[in-house]
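No value in this document is a laboratory result; all are computed from the given coordinates. Values in this document were obtained by computation on a predicted structure and should not be read as measured data. Here the Cβ positions follow ideal geometry from the backbone for every residue, glycine too, while neighbour counts run over all protein chains shown.
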């Protein structure tokens, strides 16, 4: 659980708030992995290019699990976000979505939105 303690506080509130806005809380399977993945991707945007080989593996290592479990759990969170607040998800994505985003797309949407919001605050 080292990553959770090392995450920069710059994005902590925003990431958690968005997940909560989707009615996704810390007791939801995949919450922590999604949170860690978003923060890792913010710190290392290149990890989004090799998401399966790099980001999921790094999150899995941090969370003491397997990369395929990370992807599955983030996909579960993405589907919950789609089901619980599709309008917000489309707003964050910047346009209409015809189906729930994949785990990789969901992480990318959150990273893009959170970093854009932070830049606009400065």
Using Cα pairs closer than 8 Å and at least 6 residues apart in sequence, work out the relative contact order for the stretch 16-89, in percent.
-> 39
Highest GNM mean-square fluctuation, the chain, Cα pairs closer than 10 Å: which of 70, 111, 49?
-> 49
In the Gaussian network model of the chain, springs joining C-alpha atoms below 10 Å, which of 107, 18, 74 carries the largest mean-square fluctuation?
-> 18
For labels at residue 25 and residue 84 in the simple 7 Å Cα→Cβ model, what's the distance in nm?
-> 0.9
Pick from 39, 84, 27: which residue has the top mean-square fluctuation in a GNM of the chain where Cα pairs under 10 Å get a spring?
-> 27
Helical contribution to [θ] at 222 nm, DSSP H n ≥ 4, -39,500 (n - 2.57), averaged over the chain, rounded to 500 = -21500 deg cm²/dmol
